Amino acid sequence: MLDKLKLIEQRYQEVEARLSDGATYADPALAARLNQEQKELSPLMETYRAWLQAQRTLEESQNLFSDPELGELAREEFSAAKAALPELENQLKLLLLPKDPDDGKNVIVEIRAGVGGEEAALFAHSLFRMYAMYAEARHWRVEVDAQSETELGGLKEICFTINGENAYSRLKFESGVHRVQRVPETESGGRIHTSTVTVAVLPEMEAVDVKIDPADVEMQVFRSSGAGGQHINKTSSAVRLIHKPTGMVVECQQERSQFQNREKAMRLLASRLYEEERERVEGEHSAQRRSQVGSGMRNERIRTYNFPQGRLTDHRVNLTLYKLDGVMDGELDEIIDALVTADQAAKLEKETQ
C-alpha cells in the first residue's frame, strides 16, 4: 500500500507543478483535466499526509518521554496519534479502492409502473417526486426527457436526467424493483394493495463515448403529448430513435426544438447501449456480481415502502427505517450512505482475499 501511495503522491506533485505553470492554461482542455485529477486525488493525499504526520508524531513524542518538562505532553500526543492511526489506515484503504469510472457522471433515471395498474402509476409519480426533491436538496438539476401520464395523475413511465456532481455515485444503487404496500385512494374496503415500480439508473453517456453507426439509427418525429401550449400542437418536435441492431427505442419530447430532442435522445440511446453491454460483461463475471450490494438489474427487488406502518426496508442491507414520510420527501442520504458503506465493505473484503 505504501509503495502505491508514494507513486500517487509523486503524480499529485506533478499535477500541482503543471497547474502552477501558466503555460498549462494555453490548453483549456488540459487544464480542465489536470484540475479534475487534482480534485479527485486531494482527499487521498490529505489522508496520506495526515497518516505520515501521525507516524512522525509517534516517533518524535517517544523520544521526549523522559524529558521532565515535555514528557507528559509527549505522552498525550503519542496516545492521540496512536488512536488516530487505525482510522486513517482504514480511510486510506477505502480511498485506494478502484473507482467506478462512471461515478462522476450525470444520471439518466427511468421509472416505469409495474404490477398494480393505476396504483403503480401513482407510486411511480411519488418516486419521481422523491428523486426530484433529493436532487434539489443537493443542488442538482432535473430535466424531464419523456413521460407518459395517466388520467389520475400517475406515470406509466418517465425518463429524466439529473445533472450534478457525482450524481451517479449516489444514485446508482436505486436500480431495481421498488415495492409499495398501501391502501389506494380508490379502495373503498380499506384493503392494502401491493404494487411495484421499476427504476433504472444509467450513467449519462455522450454519443461519442459509445460507438453508434448512424446508419443503424432510424429517426421518427411526432408531436409531443406533454404540456407546452400551442407550440406542441403545431410542430412535430418530439423525436423517437430506433436502434435497428438491438430494436432499442428511445424518445425525447420535452425540448422546444427537434434538434435538441434528437441530441438528448442520442445521449439516452448511448447510455442504454453502454449499460446493456456492461450488464453483459458483468453477467459473465458472476463472482463480481455477487460481491456487489445490488446487481442493478431491473428485476431485482430492492426495497419495500409500507405506508400503513410508515416503514421502509432496503432488502440488500437489511435496513429498516420508520420515517417513510421523510424518505418520500427526498431524505435519502441515510439509505444511500448505508448502501455505499456496504459496497465499500464488500470491495475491501474482495481486495483482501
(request) Scan region 320-343 residue by residue and report those that are buried (at least 16 other Cβ atoms within 10 Å of the Cβ) and over 20 Å from R138 (Cβ atoms). (result) L324, A342
(message) Can you tell me which condition D100 does not meet? The list is (1) among the charged types (D, E, K, R); (2) under 21 Å from P43 (Cβ atoms); (3) without any contact (Cβ under 8 Å) to a residue 24 or more places away in the chain, and all the others hold.
(response) (3)
(message) If the requirement is being assigned to a helix (DSSP H, G or I), small (G, A, S) and surrounded by 13 or more Cβ atoms within 10 Å (Cβ to Cβ), which of these qualifies: A23, A29, A54, A17?
(response) A54
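Yes/no per residue for (1) more than 22 Å from I336 (Cα to Cα); (2) touching a Gly at 6+ places or on another chain (Cβ under 8 Å); (3) acidic (D, E); (4) not assigned by TED's automatic domain parsing to the domain that holds L319:
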residue	(1), (2), (3), (4)
L88	yes, no, no, yes
R112	no, no, no, no
A124	no, yes, no, no
A137	no, yes, no, no
E151	yes, no, yes, no
G154	yes, no, no, no
Y168	no, yes, no, no
F173	no, yes, no, no
(message) Out of everything in region 306-328 that is of a type outside the set (A, V, I, L, M, F, W, C) and in a loop (DSSP other than H, G, I, E, B), what residue ends up being nearest to R179 (Cα to Cα)?
(response) H315
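The values are calculated or read from the model by the stated rules, or taken from the named source; none is laboratory data. Keep in mind that this is a model prediction, so the values were computed, not measured. Neighbour counts are summed over all protein chains in view; Cβ atoms, including those assigned to glycine, are modelled from backbone coordinates with ideal geometry.
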